[in-house]
Amino acid sequence: MDVPLWFALIVVGWLGVKLVRPPWWLIAVLLLGGFLLADSVLAPVIDSAVK
């Protein structure tokens, strides 16, 4: 069964918010931080660490 990555991320994120109930500001900080890190000079380091 092939599940698109974007769909899996949405499902995992939704379950995490429903089950853990983090504050909304923490979710916003994590999303913004991830977006900013993806476009920074650290992106190749993070990419090689993930792979």
So what's the projected area for the chain, the Cα convex hull averaged over all directions, in nm²?
4.7
Within the accessible area of the chain, what % is carbon and sulfur when the probe is 1.4 Å and the other protein chains stay in place?
77
Run lengths n ≥ 4 of DSSP H only: what is the helix-derived mean residue ellipticity at 222 nm for the chain, with -39500 (n - 2.57) per run over all residues, to the nearest 500?
-24000 deg cm²/dmol
For the chain: accessible area per residue (Å², 1.4 Å):
95
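The values are calculated or read from the model by the stated rules, or taken from the named source; none is laboratory data. Please read these numbers as outputs of a predicted model, since none were measured by experiment. Ligands, DNA and RNA are excluded from the accessible area calculation, which covers all protein heavy atoms including side chains. Shrake-Rupley method; radii C 1.70, N 1.55, O 1.52, S 1.80 Å.
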